Structures are given as structure tokens and as C-alpha cells.
1. Restricting to bridges with both residues inside the chain, how much of the DSSP beta-bridge set is antiparallel, in percent to the nearest 5?
2. For A665 and E419, compute 0.36 nm times the residue count separating them, minus their Cα-Cα distance, and round to one decimal in nm.
3. For the chain, calculate the relative contact order in percent as a whole number, restricting contacts to Cα pairs under 8 Å that are 6 or more residues apart.
4. Treating the range 167-297 as a set of equal point scatterers at the Cα positions, no solvent, please give the Debye-formula log₁₀ I(q)/I(0) at q = 0.19, 0.21 Å⁻¹.
5. Taking 0.36 nm per intervening residue step and subtracting the Cα-Cα distance, what contour gain separates A359 from Q581 on full extension?
6. Once you sort the root eigenvalues of the Cα gyration tensor of the range 356-492 as a ≥ b ≥ c, which label holds: rounded (a/c under 1.5), prolate (a/b larger than b/c) or oblate (the other case)?
7. If we count every other residue with Cβ under 13 angstrom of P625's Cβ, Lys/Arg +1 and Asp/Glu -1, where does the sum land?
8. Percent of accessible area on the range 65-164 owned by carbon and sulfur, 1.4 Å probe?
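The values are calculated or read from the model by the stated rules, or taken from the named source; none is laboratory data. Being a predicted model, the structure only gives us computed values, none of them experimental. Using ideal geometry, Cβ is built from the backbone for each residue, glycine included, and neighbour counts are taken over all protein chains shown. The area values use the complete protein model at the heavy-atom level, side chains included, leaving out ligands, DNA and RNA. Shrake-Rupley method; radii C 1.70, N 1.55, O 1.52, S 1.80 Å.
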Amino acid sequence: MPMSKELEARIPEVGAAAGAASAAVNIEDNPLLSDERLPPFDRIRSEHVAPAVRQVLGRLEVEVQRLEEPGAPDWAHTVEPLERITDRLHRTWGTVLHLMAVSNSEELRRSHEAVQGEVVGFSVRLRQSQALYEKLAAMKAGPGWSDLAEAARRIVDHLLLEAELGGVALAESPRARIGEIQAELARASTRFSNNVLDATKAYALLVEDPADIEGMPETAVELASQSAAAAGHESTVESGPWRFTLDLPSVRPLLEHCPSRELRERIYRAWITRAASGEQDNAPLIEQILRLRAEEAELLGYPTYAELSLATKMAPSVEAVEGLLEELREASAETAAAELGALGEHARACGSDHAGELAHWDIAFWAERLREERYSLSDEELRPYFPFDRVLEGLFALAGRLFDVTITAADTEAATWHEDVRYFRVADETGRTIADFFLDPYSRPGEKRGGAWIQDAIGRSRLFAAPGEDARLPSAYLVCNQTPPVGGKPSLMTFDEVRTLFHEFGHSLQHMLTRVDYGMASGIEGVEWDAVEVASQFMENWCYDRRTLSGLAAHWETGEPLPEQLFDKLLAARTYRAGSQTLRQVHFALTDLELHHRYRSGGEETAFDVDARVARRTAVLPRLPEDRTLCSFAHIFAGGYAAGYYSYKWAEVLSADVFSAFEEAGLDDAEAVTETGRRFRETFLADGGGRHPMDVFRDFRGREPLTDALLRHSGLAK
Ligand code: ZN
């Protein structure tokens, strides 16, 4: 069924449901409808979700219809009402999504599920509104266009583009076809990822000889014994049998630590042919997905799907991206070959019988042996030097040094969703509060999603300014999953956890230090997605800066600073196998582009031929002819990374280049660091989505991005 029909059918449903709900519940008391600046977390319960969401949707539907009526297509009558609509929905639904991630429960999940479809329906209907599209287009063609601020024009351009990519601007028949294609693509992607899951589950390698697991990490062996027991074997951790699967936490330790070459080969071969045969064969789906995407691009007026994908991104063209990837390839190929040579030598020195010719299933194994010998840096050794409070102090001091902001705890001033959550205010150089944020640091299995992220609670916006204010101030949720305090000790962080905190804090800074006054382009809103990771990855660089690190590392009991030799190991470990890793990422990115730009389904080459052709330039060790890893490349066939895998490297190049401006100014020159920090604040942090990221980059760096800094940081510079 064409998507537009589905949407039309949903509108009256939303209204009717909302009417019914608002009659039954006393809506005034619903904290999810509160107009307070921050959600009253102490009062929100699961039962508030459905009535609040339906009330909001009902009210907003009326506003959307009013917005669609003929009238003056100017900023105040078109974009401002639209911002009010999306902001209200975000304040209610965004809070629900946030709680789903940090305070999950059976009841909350049920309430969320009950209304999720209605929210999605409403959002799609809003994005695809023909009447609204025409108003925006008329605005752009009208006389007032050039008087609008750059950020305002960008908002309108983004809204138009988003609607166009849904087919709004097309005639009825191609528009219907776009709907069909997108629905088919959604189904094909789901099948693709289900096949990967099923194929992963279907495979198992049962190990019975204790000699085969010698030297393997305890957690991996426990997991394998558990898995064997779950599959009906009588297993103990000590005597087995042990069952290994193609799940990453299972297959990875086997490839890295299993002394049996034969077992490693078996699981490696299974790994590279996952979802590539039988009922779970993804090969036909790959063809179908690529064909549909090419058709979609053509209907929407783009020569290829890669060009369609880049239309919403920072990177200017496929050629520019390929040029950058090629530079990285050239710079890393030799080092990668040397790294492979070093593994072979190490294997030989260890008396291995296959030292002369390492096979694919030997690489991870010997890479781990060499890493252990060279760096022997364990998380446990570093932890005592990174007590959470001290790390925060150091991080906030860095923010002060770079951006002239003061961060103060204000825990009693805001309601939170958990007692461990901290609340902070951010003040500018005059002492005026300009933003605030919540920090939810510790893991809480069962109720909190894994990983780390930030979400905007509210964005900076002039439209919602309180009396006497120029704009409503932004607020962020910063969520990590670090080790909680145990046994009377404070939370002692691993170095990875410290880096993660810096990363997320970088995102938060971009959200909080924005100067853009329009909610749809302030902070992280409206930043092109291949540019979104620049501020966050930039902050990670400071974890390797000696002065910054010494400001946040001190033994939690003795106060002793991080020993010099540990710091040196940290620095050295950063570039371990950087050549091989870069080359691998370049391979994925180039294959992704090639498939979405030059490949024609049904032509002489298959998608696997393309993958193999790219590999001839990116693989040091010739790949096996039966390699079908493309069949499990879910990022591009089932995730949002189609013709976008490059963005990992793209953002890394940019953030390293940004950091190198500080290196050039002199990391030990306090004044120069401060000056460069202010410039970063005035550009990347202040402009957010209000200016094209390439212009922002040029404003800061005075030139186009270069790969030199990333290569140098990775130890790959010539
Ligand atoms: Zn990030």
C-alpha cells in the first residue's frame, strides 16, 4: 500500500483517540504536559504516558491543520508554528524516550508501545505535508528570503529537502512508487538483519578438549560453558564442554586467544560466510536493496544513491570522499604490511610452527600476543588513578580553560529520575547561567540501556524565552554506563570510560554553548550527521594531552599522580596496529560507496566481485575467494549507514585537524590554548546547525580539512 494512504488513514484515528483519552483523565495534573522548563521527573509515572501523548497529538493535529491553511508563507506564520509543534511533541515524547532508555520498566514499555505508532504516524504526516511543503517552497521563492538569517534559511532548506526525499515534490505516480520503495526497503532491511541474527544463532562450535581453551579469558570460558548448558549439554566451567557462537563476545575471544589453529580456522570460515547460504542467504537481499535504492535515487532526480545520501551530509561529493579515503589508504598500506610482518616475526620468536605464513585466523591471535608483550596495560592497573569526582573536576577545569565557562553542581535544584543522577549549571565568563545538564554516570543493568549518549532535554530558542530572557536556555542529558562505586570505594573509571565521558561531554558542549536562536538549528539540531562527531571526537583528544590528563588522574587513596611510564604506555597503545585498522575501515567505506555509486545490479560484476576488487587494493593478506562478509554488513544494508560508512573516518579526520590547531599553537602555551579554545567556541560550538559545517570548519581552521593530523596521531605520517 502506498505510504501516503496509510498516513491519511491515521489522522482521524489520532484525533479520535486523543478526544477519548482527554475526557477520561484529568489532564491538568499530567506532569508530561508540564510547561515547566525541565520535566518534573519526580512526578512522572508510566500511566501518564498514553493520555499525555494522545492529548498532545490531538492538540498538535489541530495546529498542523491550521498551519496547512492557505495564508502568508513567511517565517512567523510558517516556521515558528512548526517549531512550536515539534518542540511540544519533543518535550513530551522526548521525555518518554529518555525514560525508556534510563528508567525502563515493564509498565513503561507497555505505555510506550501503546502510543508509539501514533507518534510515528504524526511525525511522518508532518514531514510529508504537501500543503506545508508548498508554503515553505513559496517562502524560499518569495521576496523576504534573502532577508532571513543564514540559520533560518538552512532550516527551511533542510525541511524542504527532507520532504522532497519522501517524494512530496513528485507527480502522483512516482510519489506512490517512492512510498512503495521505502516500504519494500524497510522490509528488506529487517529481513537482512533477521537473517544475520538467525545465522549467528544457528552456528555453534563445541569445544571438548581443555587444552583448546588454555589461556582464554575467564569471562569467555564462563560464557561458553553457560552457552553449552543452555543448549542442553552438561557443562562446567572447568571441564566443559564449551560452546562458541558467532556472537561477537564469543567469537572474538576465540579468535584472539584460542591456541588451536584448527578451531580458529573453523570459526573464522563460519564468520566470513555468515548469512551467505541456505534459508538465511542475504545475497538476494543485497541485490534487491541496491536495486531499490538506485531506483529511488533516479525517481528523486539523483544520478546515484550515493549522491542522494550525500545530499543531506557535509561531504561535498563522492569524489571528495573517495579522495580522502584514498589518501588514508596510501598512507596506511605500508604500515599495515609492516604490522603484519611484525606479527609473523613475533609468532616465529614464540616458536610457532606457522610463522612463515600467517593465515587470516592467525592475525587476531598474534596481534593479541604482541599487544600483551608490548603494552601489558590492564584496565585494573589504571582504574585507581581515575576516581570519578576527580575526573569530573579535571574535565570541568579543561572546559573552563578552553571555553571560559564555569560548571557548578546544583544537584538540589532539579528533580531527576534516579538518585545517582547529577545536575550541573554552566555559566559564561560574566557568571550568567547559559545552560544546564544532567549526568547519569553509572550502569544500571535491567533498567538502563547500555552504551553512552546524549539527548537534548530542550534546545536554545528565542521563541520560548521567558520574560527578561533573550532565549530559552538549552539543557542536555548526558548518559554513561561506567563502573558504579563498589565496596566503599568511589567509582573508579577505566581509561575507556574516561574517554567516553569526554566524548559525550563534547556533544553536550555543542548543544549547550550554541548561540543560535532558532530551536531547529541550535546546538546539535540540524548538524549534518557526518559532522556531528567532530566536537565529541575533538574532546577525546584531550585525554592524551599530558597536562589535561595529569589534571584528572590521581590515585584515589594516595593522591599520587599517574606514573609517567603508564602514561607513555597509554600513548603508545593508541597507535597499535593503526595501519591495519585504518585500512580495514577504508575498505568498508570504499566498498559501500562503490556499491551505491557505480555498481549496476544485473551487470557483469556481482556485489561480491566489487567487494573483492576493492579488497585487492585494501587488503595486505589476500582475502579468501569464499569471503562473503558483505552478507553480514548490516551497517549499510540494515542500518542508517548506506553510502555513509565513510563518516566515521570523515569525522575523525576533521576532529584531529581541529585538535592540531591547538598543537600548532602549542599545548604548553596556556595563552595560545585559551585563544584557540575561544575560537573553537565561537565557531563549532556557537554555530551548531546554523551554518554549513564546512564553512564552520573554514572559519575555525582558515582552510579546508587535511588528513595530516589524523595520520600523525595514528602514527602513520611519513
Ligand atoms: Zn558521538
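1. On the way: 22 of 28 bridges.
That works out to approximately 80 percent antiparallel.
2. Values: separation 246, 0.36 × 246 = 88.56 nm, distance 4.25 nm.
My answer for the length gained is 84.3 nm.
3. Values: 1085 pairs, mean separation 106.3, N = 718.
Relative CO of the chain lands at 15 percent.
4. So the normalised log intensities are -0.98, -1.11.
5. Working: separation 222, 0.36 × 222 = 79.92 nm, distance 1.72 nm.
Stretched out fully, the A359 to Q581 stretch lengthens by 78.2 nm.
6. Values: a/c = 2.31, a/b = 2.16, b/c = 1.07.
It is prolate, given that a/c is not under 1.5 and a/b is the larger ratio.
7. Details: positive: R269, R613, R616, R623, R628; negative: D609, D611, E626, D627.
Residues close to P625 contribute a combined charge of +1.
8. 53 percent
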